[in-house]
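This report concerns only the one structure given below.
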Amino acid sequence: MMGACKTVTLLTAVTAVVLAVYVYSSLPPDVTEPGKLVMFKAVFFTFSLIGSTYEKLGFGDRADLFRSIGVKPSFLVSDSNLEVRDSSFSGVQVRIYKPQVQKGGSKMTGLMFFHGGGWALSSTYAYDRLVGRIALGTGAVVVSVEYRLAPEQKFPVPFEDCLTATQHFLQHAAEFGVDPTRIGVAGDSSGGNLAAAVALRLEKDDKKKLPPLKLQALVYPALQAFDFQTPSYARGHSVYVNLPAKLMIGFWVKYLNNNMSLIDVFSNNGHTTALRKSRFASYVDRHFLDESVPRLTPEDISVDLPDDLKDILNPYFSPLMAEDADLSGLPDTYVSVCGTDVLRDDGIMYAKRLEMAGVQVRLARYPSGFHGVMSMDLALKHFEFELGRQMLQDLVTFVREKL
Ligand SMILES: *[C@@H]1O[C@H](CO)[C@@H](O)[C@H](O)[C@H]1NC(C)=O
């Protein structure tokens, strides 16, 4: 094993350096801690490459290889002030994080958390440490949801899993010592999409049956699949970003119908050409990003998208497609966006529309941030970014204040 270990280390070092030089040359100049980002990307790519080669050659599982050379995942939370257990909420797998509080206190607050990963990757396991920190920071009982993933389970399954788990928590809050009127939803990236969709659905259909949500917290959320030429997507088509435009569009396609030949059509907005002057286009109006751009006046167009695309207009798939009347009842909202992120404009537009609909919104902008900066150290230890730590702190502060 020693020989293999040396070979892997050498291969990693050489490939990482070559990749680092390549990536560095196309990095935006204003990104935070560029050296660390480049090394993360290079090391991550290299491990993936070695892992998949190892598996393709039939040597076995990559996890065993990395374990045998001493590479351990840094995922897991361990803190004596935190009680963690797995459970099932109406058939949906969840992991519950309960911070220890002084006895005799009043009821606790609660937070549903939906992890990122393009609706297709990651797990509560991979998010264990981040969610543990959120629970410890906020003092809330946090429920992290193991929703089923695309492309095996396309929309609406991942959304419905999140909804079911949230409804269950609202109904059974007392069993966890939680006040049902002090529960929020949160998520990052595709998890931010799921949190926004769950909040919309509960507000619209469950208002009378369940206590209303107290807040929604959306960290660089993905909120629309209508316009893939927003300024932030346009930039992501050209400069290097942590989440390239094509990769993000691919995640949307997997979540929608897994017809990967749509990626090129979507990249050029070919799928929504017929709706360019419809009210749907006015929901993602450039005016929301730059008020010097005149506001779009929608025409009374009714074009049906083909069946395999029609969910693009469904607000539970893309929350920016919600009508103003449905936005207006949403709870206090936190949206964070990063400068170097194709999803930046999704977040800004949603914050703007919510504000115009009368919702209390805090939009936190991190111009030098990039997609995923808050959770980089989950995949590889030693890759915590100062800005990511700040984003997490700001999120925790909002939740503490509003819950
Ligand atoms: C996938 O999308 C392409 C491009 O729009 C379309 O021509 C094709 O029929 C689709 N395939 C399936 C299986 O739906």
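The residue that is farthest from Ala120 (Cα to Cα), among those in region 232-265 that are near the ligand (Cβ under 10 Å from one of its atoms) and in a loop (DSSP other than H, G, I, E, B), is Ser261.
Within this structure, Ala281 fails the test of being farther than 27 Å from Asp161 by Cβ, within 16 Å of the ligand (Cβ to nearest atom) and not in a loop (DSSP other than H, G, I, E, B).
The requirement of being touching a Phe, Trp or Tyr at 6+ places or on another chain (Cβ under 6 Å), of a type in the set (A, V, I, L, M, F, W, C) and in the same structural domain as Ala174 (by TED's automatic domain parsing) is not satisfied by Ala140. Sub-6 Å Cβ pairs linking a first residue in region 353-375 that is under 27 Å from Arg129 (Cα atoms) to a second residue that is aromatic (Phe, Trp, Tyr) and modelled with pLDDT under 95, at least 6 apart or interchain, are Val373/Phe385, ordered by first then second residue.
One residue stands out in region 266-278 among those that are hydroxyl-bearing (Ser, Thr, Tyr) and within 15 Å of the ligand (Cβ to nearest atom): the one that is nearest to Leu121 (Cα to Cα), namely Ser267.
Every condition in (1) among the aliphatic types (A, V, I, L, M); (2) touching a Ser or Thr at 6+ places or on another chain (Cβ under 8 Å); (3) within 20 Å of Tyr350 (Cα to Cα) holds for Val303 except the one numbered (3). Quick check: is even one residue across region 77-91 at pLDDT 85 or above and of a type in the set (A, V, I, L, M)? Taking every residue of region 77-91 in turn, at least one turns out to be at pLDDT 85 or above and of a type in the set (A, V, I, L, M). Quick test for you: out of Leu200, Leu210, pick the one residue that is of a type outside the set (Lys, Arg), modelled with pLDDT of 95 or more and surrounded by fewer than 19 Cβ atoms within 10 Å (Cβ to Cβ). Sole residue among the options that is of a type outside the set (Lys, Arg), modelled with pLDDT of 95 or more and surrounded by fewer than 19 Cβ atoms within 10 Å (Cβ to Cβ): Leu210.
The values are calculated or read from the model by the stated rules, or taken from the named source; none is laboratory data. Everything numeric in this text was worked out from a predicted model, so none of it was measured. Cβ coordinates were reconstructed from backbone atoms using ideal geometry, including for glycine residues, and neighbour counts include every protein chain displayed.
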